[in-house]
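To start, the structure itself, in structure tokens.
Values in this text are rule-based calculations from the coordinates and carry no lab data. Predicted model, so just to flag it, every value in this text is computed and none were measured. Quick reminder, even Gly has a Cβ in these numbers, built from the backbone with ideal geometry, and neighbours come from all protein chains shown.
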Amino acid sequence: MKKLFLFDIDGTIAVGDTLYEGSAELLSYIERIGGKAYYITNNSTKSATDYVKKFRECYHLETTNEQFVTSGYLTLRFLLRNYADRTIYCMGTQSFIDELRRHGLTVTEKCQPDIDCVVVAYDSELSYEKLCETSKVLLTMDVPYYATNPDLRCPAPFGFIPDCGAMCDLLEATTDKHPTYLGKPSKKVVDLCLSLSGYTPEETLVVGDRLYTDIACGINAGVDTCVLFTGEAKKSDLKDTPYKPTYEFETVKDLWQACEEGRI
């Protein structure tokens, strides 16, 4: 029986400000069996504190900062290990940049001579000015280039909106520079959740709507995976993908019912 559930958010348990039917029931089931839910979203627009607030106000769910292991948090940990005393150029939301600065990192949003690395995050506040400044840094400075996540699009109430991977593709078309991605599908996401929770890989299930990030992340970490067809992935995608999930369900409600019936 699975005890540690690692959920993607957008397109998996919710979209925008709307919680999918069955999400609250599944989370209640996890609590009832003595399990734990973590949220391993590649969305770096919000800090853990922002997500706790959104879950409370929009979804009426109580969570803690520890439960949110975002691509932004993984990027923060990476930068603290490798660039603690150096200058980081960042293209991202103000929330993300403020989070980096709160942890003592030196972050600039302008091209300047002392930049030691470039970080691009999923930026819902993106402007043409930001794209031009980032292109200038990438073209005039030979420094390492990182990005929070490779997702091309993020689920929205009307369909999809451009995500970090799409923004990096635009920059690559302009500069010929390709980033090293730090979020999912890296297995470090799962490894960190296992370390924080104390559960075993056998007790763990990664749940998401995207094959090349969510499901690939679980496969890379050696844990079972479950794809839901409420976001990007379609059932027809399973035919040719190298990222075959352990389980597949149409909705999170179907997953909850399978858990209740002991099928997972």
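Under unit Cβ charges (Lys, Arg +1; Asp, Glu -1), what dipole magnitude, rounded to 20 debye, does region 72-181 have relative to its Cα centre?
About 240 debye.
For region 120-245, what is Rg from Cα atoms divided by 2.2 N^0.38 Å, rounded to two decimals? Walk me through the intermediate numbers first.
Working: Rg = 16.5 Å, N = 126, 2.2 N^0.38 = 13.8 Å.
For region 120-245, the normalised Cα radius of gyration is 1.20.
Need one number: % antiparallel among DSSP beta bridges in region 72-181, to the nearest 5.
25
Enter the Cα centre distance for the pair region 208-239 and region 75-134, rounded to the nearest angstrom.
30
In the chain, how does Rg compare with the Kirkwood Rh, expressed as the Rg/Rh ratio over alpha carbon atoms?
0.98
Give a residue-ordered list of calculated ³J(HN,Hα) values for region 211-224 (Karplus: 6.51 cos²θ - 1.76 cosθ + 1.60, θ = phi - 60°; whole Hz; x for Gly, Pro).
6, 7, 10, 5, 5, 4, 4, x, 4, 4, 8, x, 10, 5
Between the helical axis of 71-82 and the dominant principal axis of the chain, each derived from Cα atoms, what acute angle in degrees is found, rounded to the nearest 10?
Computed tilt is about 50 degrees.
If the only charges are +1 at each Lys and Arg Cβ and -1 at each Asp and Glu Cβ, what is the size of the charge dipole of the chain around the Cα centre, to the nearest 20 debye?
With only Lys, Arg, Asp and Glu charged at Cβ, the dipole is about 420 debye.
Hey, can you grab everything whose amide H is under 5 Å from the amide H of Phe68? Only 5+ residues off in sequence or another chain; H modelled, so Pro and N-termini drop out.
Tyr39
For the chain, what is the calculated [θ] at 222 nm in deg cm²/dmol (nearest 500), taking -39500 (n - 2.57) for each run of four or more DSSP H residues and dividing by its residue count?
Computed ellipticity for the chain at 222 nm equals -10500 deg cm²/dmol.
So what's the angle, to the nearest 10 degrees on a 0 to 90 scale, between helix 128-140 and the longest Cα principal axis of the chain?
Approximately 70 degrees, to the nearest ten.
Bins of 5 Å, beginning at zero and ending with the bin holding the largest distance: percent of Cα pairs per bin for region 61-122, please.
Cα pair-distance distribution for region 61-122, in percent: 4, 17, 30, 25, 13, 6, 4, 2, 1, 0.
Can you give the % of DSSP beta bridges in region 1-147 that are antiparallel, to the nearest 5?
Taking every DSSP beta bridge within region 1-147, about 10 percent pair in antiparallel fashion.
Around Lys36, which amide H atoms from residues at least 5 apart in sequence, or from another chain, sit under 5 Å from its own amide H, with H modelled in the peptide plane?
Leu4, Phe5
How would Cys164, Cys117, Cys154 line up from fewest to most surrounding beta-carbon atoms within 10 angstrom?
Result, fewest neighbours first: Cys117, Cys154, Cys164.
With both bridge residues required to lie in the chain, what share of the DSSP beta bridges run antiparallel, to the nearest 5%?
So the antiparallel bridges in the chain amount to around 15 percent.
How big is the dipole moment of region 117-260 about its Cα centre under a simple scheme where the beta carbon of each Lys and Arg is +1, that of each Asp and Glu is -1, and everything else is neutral? Debye, nearest 20, please.
140
Which of Lys110, Lys177, Lys184 has the fewest other C-beta atoms within 10 Å, and how do the rest follow up to the most?
Fewest-to-most Cβ neighbours within 10 Å comes out as Lys110, Lys177, Lys184.
Using only alpha carbon positions, build the gyration tensor of region 143-214, then give the equivalent ellipsoid semi-axes as the square roots of 5 times its eigenvalues, largest first, whole angstrom.
28, 18, 8
Using the Kirkwood radius over Cα pairs, work out the Stokes-Einstein diffusion coefficient for region 72-181 at 4 °C and 1.567 mPa s, in µm²/s as a whole number.
For the chosen part, D equals 93 µm²/s.
Please state the relative contact order of region 72-181 as a whole percent: Cα pairs under 8 Å, 6+ residues apart?
Relative contact order comes out at 23 percent.
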